[in-house]
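Okay, structure first, notes after.
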Amino acid sequence: MVRKSVLIIKHGFSETCDHNVSPIVSYGDVFRCTCLLEDFRDSQVTWITSPVAKDLLVENHLIDRLLLADSPDELPPEFANEHYDIIINLEKQKDWCKFSITLSGNKRYGFKDWAQEDQECFYPESAAALSSALQRERYLPLQETLFKTVDRKWYGQRYVLGHQPNIIPIYDVGLNHYVGPKWPNKLWPRRHWDALYEQLSHKYAVSWQQSLNSVRHYIDWLSSCRLIITCDSLGLHLGLGLRKKIVALFGPTPPEQVYMYGCGVKLTPVCDRDCIPCFQPDCTNGRLCMEHITVEMVVEAVESLLGSRQPDRPDEIYSVPAAEPVFTMTT
């Protein structure tokens, strides 16, 4: 059987459900798009991404060829002569939109020309899904939006992780406190993290975030934790890819766009603000909405997922549960 050829263009300079284009790569947005690979497992998949996002995809068994280029000019000259059955462009930059149009292909999905207005921004079969997501008429999980974008049905297909760590969890709780420079507004205050550590460390083996300079080692650290507490960042999505228990903190971005696969709890600020979610990297409202997620809320969520226990020793080794319950919190 001849395998269909599929080209995916996704660098993370523009997030799928955000209007802005940034020089900073959103690693989380790149990784989230790997859910599409499940539907193309019988195809020959080529993925073009930024060199800085390489380690998120390089060992992915459903990607046959990974090309690294920040602009089309960095691709091999012969690439322009290739033909694809399906071309999926999930970037809004002018050069990549133009490049996706000039390639030879049978079907095209995603962004066509971000400089145009209304439906002309998108390839026809993607217009309804992407315009609805960008107009924020109704928040759907990004996975559902992505599958609608390529005219397919999302049945709960998961993220596909490349690097597969072989690590037994040694921590009960991992504090994934860092957020990238693209979204500083997502940060939960450091004093909250410090207070949380003080409360949890009496009951659980707790680890602060590790290995910020290596994606592989970062995944290894996430794998060493039974539960991850995180803002809406790469660690949230990698944790879901690893099927960890998650306590996720949301403020400037909508929790509805993140599907948890039954792995944990979403917490949102307890405050009356019309600006939430604002989709802005910086707060213009004085006090960050994330400050209104209390330490007590997070502790309660952790205890609901792990139970209340006393660690026998900091290096105690724990096994990963075979099945995880689903919890929701409406505070």
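The values are calculated or read from the model by the stated rules, or taken from the named source; none is laboratory data. These numbers were taken from a predicted model, which means no experiment stands behind them. Neighbour counts are summed over all protein chains in view; Cβ atoms, including those assigned to glycine, are modelled from backbone coordinates with ideal geometry. For accessibility, only protein heavy atoms count, side chains too; no ligands or nucleic acids. Shrake-Rupley method; radii C 1.70, N 1.55, O 1.52, S 1.80 Å.
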Open item on the list: Among the residues that make up region 287-305, is at least one of them in contact with a His (Cβ under 9 Å, 6 or more places away or on another chain), modelled with pLDDT under 90 and polar (S, T, N, Q)?
Closed with: no
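Taking the stated definitions as given, is Gly241 out of contact with any His (no Cβ under 6 Å at 6 or more places or on another chain), open to solvent by 10 Å² or more (accessible area, probe 1.4 Å), at pLDDT 95 or above and under 27 Å from Val21 (Cα atoms)? Write out each step before concluding.
Values: out of contact with any His (no Cβ under 6 Å at 6 or more places or on another chain): yes; open to solvent by 10 Å² or more (accessible area, probe 1.4 Å): yes; at pLDDT 95 or above: yes; under 27 Å from Val21 (Cα atoms): yes.
In short, yes.
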Open item on the list: Quick check on region 253-286: of everything there that is at pLDDT below 90 and touching an Asp or Glu at 6+ places or on another chain (Cβ under 7 Å), which residue is farthest from Phe147 (Cα to Cα)?
Closed with: Phe279
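Name the residue that is nearest to Trp183 (Cα to Cα), counting only residues in region 195-226 that are among the hydrophobic types (A, V, I, L, M, F, W, C) and open to solvent by 10 Å² or more (accessible area, probe 1.4 Å). Don't jump to the end; show me each part of the working.
So the first thing to find is which residues in region 195-226 are among the hydrophobic types (A, V, I, L, M, F, W, C), and the list is 195-196, 200, 205-206, 208, 212, 215, 219, 221-222, 225.
Narrowing the set further to residues that are open to solvent by 10 Å² or more (accessible area, probe 1.4 Å) leaves 195, 206, 208, 212, 215.
Details: Ala195: 23, Val206: 25, Trp208: 20, Leu212: 16, Val215: 19 Å.
This residue is Leu212.
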TODO: State the number of residues belonging to region 7-29 that are out of contact with any Leu (no Cβ under 9 Å at 6 or more places or on another chain) and of a type in the set (A, V, I, L, M, F, W, C).
DONE: 4
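Can you tell me which residue is most open to solvent (accessible area, probe 1.4 Å) among those in region 70-81 that are without any contact (Cβ under 8 Å) to a residue 40 or more places away in the chain and not in a helix (DSSP H, G or I)? Quick ask: steps written out before the conclusion?
To start, the set of residues in region 70-81 that are without any contact (Cβ under 8 Å) to a residue 40 or more places away in the chain comprises 71-81.
With the extra rule that they be not in a helix (DSSP H, G or I), the set shrinks to 71, 75-76.
Values: Ser71: 27, Leu75: 17, Pro76: 57 Å².
Only one residue tops the list, namely Pro76.
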Task: Residues within region 16-69 that are in a helix (DSSP H, G or I), over 17 Å from Leu242 (Cβ atoms) and acidic (Asp, Glu), tallied - done: 2
Task: Residues of region 180-222 that turn out to be touching a residue at least 24 places away in the same chain (Cβ under 8 Å) and among the charged types (D, E, K, R), as a count - done: 5
- [ ] Would you check if there is a residue in region 116-134 being in a helix (DSSP H, G or I), at pLDDT 95 or above and surrounded by 17 or more Cβ atoms within 10 Å (Cβ to Cβ)?
- [x] yes
Task: Check on Glu144, among the charged types (D, E, K, R), open to solvent by 70 Å² or more (accessible area, probe 1.4 Å) and either modelled with pLDDT under 90 or part of a helix (DSSP H, G or I) (or both) - done: no
- [ ] Please state which of the following conditions Ile229 fails to meet, knowing it meets all the rest: (1) part of a strand (DSSP E or B); (2) of a type outside the set (Ser, Thr, Tyr); (3) open to solvent by 40 Å² or more (accessible area, probe 1.4 Å); (4) out of contact with any Asp or Glu (no Cβ under 7 Å at 6 or more places or on another chain).
- [x] (3)
Open item on the list: Restricting to region 1-15, and then to whatever is part of a strand (DSSP E or B) and open to solvent by less than 10 Å² (accessible area, probe 1.4 Å), can you tell me which residue is nearest to Tyr159 (Cα to Cα)?
Closed with: Ile8
Open item on the list: Looking at region 256-267, can you tell me whether even one residue there is free of Cβ contacts under 8 Å to residues at least 12 places away in the same chain, in contact with a Ser or Thr (Cβ under 9 Å, 6 or more places away or on another chain) and either outside any helix (DSSP H, G or I) or open to solvent by less than 10 Å² (accessible area, probe 1.4 Å) (or both)?
Closed with: no
Task: Gly162 being closer than 26 Å to Leu240 by Cα and either assigned to a loop (DSSP other than H, G, I, E, B) or in contact with a Cys (Cβ under 8 Å, 6 or more places away or on another chain) (or both) - done: yes
